[in-house]
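**Student:** Quick one: this structure, given as structure tokens, is what I'll be asking you about.
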Amino acid sequence: MDLAYFSMSYECNEKCIFCPCSENARDIQPLSPDEMKRSVDIISSRGPLDIAVVSGGEPTLKKEFLDFAAYLVGKNIRIGLLSNSLKFASKRYLDKLLAITGPGMLEVTTAFHSHIARKHDHLTCQPNSFHKSLKGVLNVVDAGVKVSVKYNLINYTYRELPDYIDWVYRTFPDKVNLILCNIDLTG
């Protein structure tokens, strides 16, 4: 199996108004760290696992994330982290993660919901999240980690797609990937 997907929890430091996770889903207890490790072992016992996509909510909020990252890297499994990158605005947390993974065992995907800061912040219900996420992503890029910027096509912003693509090309180096993602249109 090339890829397995793990959700740490639905806890998040943003409250996106179009989040597809229902209120009921947020009440579901995630797998414990031991259950996630056992799942990795079961999957790996059936063949090589190349990458574990780790998501949430926001996985970096969980204190168990760094331990799980170390477990994956110890099994030579790369980490595809879906994160809003807010915690990476301070290099301190990024340095802790990179001490475990190095730049080669980690890939980070971060969604910017608009190329306009105030609109992104409005959609995430988190003041200054655009600038903090941007700083975090640029810190990750500077660390030599593979980065993808994701655009969720939603009814609030889909008309801005050409300008968003232009912003990505002006803001990030060519080695950063662009993902265009269809999401359930809500709101």
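The values are calculated or read from the model by the stated rules, or taken from the named source; none is laboratory data. Remember, predicted model here, so these are calculated numbers, not experimental data. Note: ideal-geometry Cβ built from the backbone for every residue, glycine included; neighbour counts use all protein chains shown. The area values use the complete protein model at the heavy-atom level, side chains included, leaving out ligands, DNA and RNA. Shrake-Rupley method; radii C 1.70, N 1.55, O 1.52, S 1.80 Å.
**Student:** What angle do you read, to the nearest 10 degrees and between 0 and 90, between the alpha-carbon axis of helix 161-171 and the longest principal axis of the chain?
**Tutor:** 70 degrees
**Student:** Which value, in debye to the nearest 20, describes the size of the charge dipole of the chain about its Cα centre when Lys and Arg Cβ atoms bear +1, Asp and Glu Cβ atoms bear -1, and nothing else is charged?
**Tutor:** Here the chain has a charge dipole of around 420 debye.
**Student:** Protein chains only, probe 1.4 Å: how do 1, 8 rank by accessible area, largest first?
**Tutor:** Descending accessible area places them as 1, 8.
**Student:** A follow-up question, please. Rank these residues by their accessible area, most exposed first, probe 1.4 Å: 115, 131.
**Tutor:** Listed by decreasing accessible area, they come as 131, 115.
**Student:** With a 1.4 Å probe and all protein chains in place, put 37, 96 in order of accessible area, largest first. Kindly include the intermediate steps, with their values, before the conclusion.
**Tutor:** Working: 37 40, 96 100 Å².
Most to least solvent-accessible, the answer reads 96, 37.
**Student:** Once Lys and Arg get +1 and Asp and Glu get -1 on their Cβ, which of 42, 103, 32 lies farthest toward the positive end of the dipole of the range 14-139?
**Tutor:** Positive-most Cα among the choices belongs to 103.
**Student:** Quick one: which of 75/135; 75/119; 96/119; 91/175 span more than 29 angstrom between C-alpha atoms? Let's see the in-between values first.
**Tutor:** Working: 75/135 31 Å; 75/119 41 Å; 96/119 31 Å; 91/175 21 Å.
With Cα atoms farther than 29 Å apart: 75/135; 75/119; 96/119.
**Student:** Now a separate question. I need the shape label for the range 118-161. Rule: rounded when a/c is under 1.5, else prolate if a/b > b/c, else oblate, with a, b, c from the alpha carbon gyration tensor.
**Tutor:** Cα axes put the range 118-161 in the oblate bin.
**Student:** A further question follows. Tell me which aspartates and glutamates have Cα within less than 20 Å of residue 63's Cα, excluding those fewer than 8 residues away on the same chain?
**Tutor:** Result set, ordered by chain and number: 11, 14, 27, 34, 35, 95, 107.
**Student:** Which percent of the accessible heavy-atom area of the range 1-108 goes to carbon and sulfur, probe 1.4 angstrom?
**Tutor:** Percent of accessible area from carbon and sulfur atoms in the range 1-108: 53.
**Student:** Take every Cα-Cα distance within the range 54-110, group them into 5 Å bins from 0 onward, and report for each bin the whole-number percent of pairs it holds.
**Tutor:** Going from the shortest bin to the longest, the percentages are 4, 20, 34, 31, 10, 1.
**Student:** Tell me, what is the per residue accessible area of the range 57-147 in Å², probe radius 1.4 Å? Numbers along the way, then the final one.
**Tutor:** Numbers: 3770 Å² over 91 residues.
Solvent-accessible surface per residue comes out at 41 Å².
**Student:** Can you bin the chain into rounded, prolate or oblate? Criterion: square roots of the alpha carbon gyration tensor eigenvalues sorted a ≥ b ≥ c, rounded for a/c under 1.5, prolate for a/b above b/c, oblate for the rest.
**Tutor:** Taking the square roots of the gyration eigenvalues as a ≥ b ≥ c, the chain is prolate.
**Student:** Taking a ≥ b ≥ c as the square roots of the eigenvalues of the Cα gyration tensor of the range 5-77, is the shape rounded (a/c under 1.5), prolate (a/b larger than b/c) or oblate?
**Tutor:** prolate
**Student:** Still on this structure, I have one more. Taking N as the number of residues in the range 52-159, what is its alpha-carbon radius of gyration divided by 2.2 N^0.38 Å?
**Tutor:** With N residues counted in the range 52-159, Rg over 2.2 N^0.38 Å equals 1.07.
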